[in-house]
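Colleague: Below are the C-alpha cells for one structure; questions will follow.
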Amino acid sequence: MEILVLIKQVPDDSVEIKLDPATGAPKLDGVEAVVNAFDTYALEMAVRLKEAALEMAKRYIEDNGGNVTVATIGDDDATAALRTCLAVGAGKAFLIKDASFAGSDTTAKAYILSKAVAKIEEINGAKVDIVFCGKEATDFSKGMVGVQLASELGVGVATDVIAVDPAEGGVTVKQ
C-alpha cells in the first residue's frame, strides 16, 4: 500500500503572535515553524496503517506492507518539517518548491498537489493508494485543500477521520 501524507509548515501555535500595527499582518519574526498539528495526526494514522497492513500481509500474503511518503509545498525552510516526518516513520519526503507558489489559495494548492501526486507516483514507480491530509492547518483553519485535492484527483474523500484500518482491497475509516 502506497500512502502519501501531505503536510504544511505553520508558525508554532504555542507562541503568542502579535499583529503588525502598520500592515495588520501577523509578526512572525523569530517564531519557529513547525509541522501543522493536524498533519502530525494524519502522519501518525498513516504510519499505523502501514504497520497494520504489514501485520496483515505477514499473516495473509508475503508483501512489504507498503510505504509512507510525505510531501509539502514550501521553501528550503520546510526541510526541517520533512526531516521530522521521516523520523516519525515516513520512508521518503518531497519538497514541492517554486517561488510562484507563494500566496497560493486553496484551489491553486490542490491543483499543485495533484500534479505533485502524479510526479511522486512517477518517481516512486508506484501508484499512490491513499492520501492523508490533516483536518485543517492551524494558521488559517480553512480545511479545504484535502477535499479540493480529492476533486482534482477524481477520488473519494473521507473527512474528520479518527481511525483507519486495512481491509481486504482497501481500508475502513471511522469518523
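Colleague: Do you know which residues across the range 123-157 are in contact with a strand residue (DSSP E or B) (Cβ under 7 Å, 6 or more places away or on another chain) and exposed (fewer than 13 other Cβ atoms within 10 Å of the Cβ)?
Modeller: K127
Colleague: Give me the pairs, please: first residue somewhere in the range 1-13 and more than 16 Å from K50 (Cα to Cα), second residue anywhere and among the polar types (S, T, N, Q) and open to solvent by 10 Å² or more (accessible area, probe 1.4 Å), beta-carbon distance under 7 Å, and either six or more positions apart or on two chains.
Modeller: Filtered contacts from the range 1-13: V10/T138; D13/T138.
Colleague: For the list (1) closer than 16 Å to K8 by Cβ; (2) in contact with a Gly (Cβ under 8 Å, 6 or more places away or on another chain); (3) open to solvent by 50 Å² or more (accessible area, probe 1.4 Å), I need the number of the one condition that K50 fails.
Modeller: (1)
Colleague: Which is surrounded by fewer than 18 Cβ atoms within 10 Å (Cβ to Cβ) and at pLDDT 90 or above, of D63, D20, D76?
Modeller: The conditions single out D76.
Colleague: Pairs, please: C-beta under 7 Å, at least 6 apart or cross-chain, first residue within 10 Å of S114 (Cα to Cα) and in the range 147-170, second open to solvent by 50 Å² or more (accessible area, probe 1.4 Å) and among the hydroxyl-bearing types (S, T, Y)?
Modeller: Correct list of pairs: Q148/T107; E152/Y111.
The values are calculated or read from the model by the stated rules, or taken from the named source; none is laboratory data. Being a predicted model, the structure only gives us computed values, none of them experimental. No Cβ is skipped: glycine too gets one built from the backbone with ideal geometry, and neighbour counts run over all protein chains shown. Note: areas computed on protein heavy atoms with side chains; ligands, DNA, RNA excluded. Shrake-Rupley method; radii C 1.70, N 1.55, O 1.52, S 1.80 Å.
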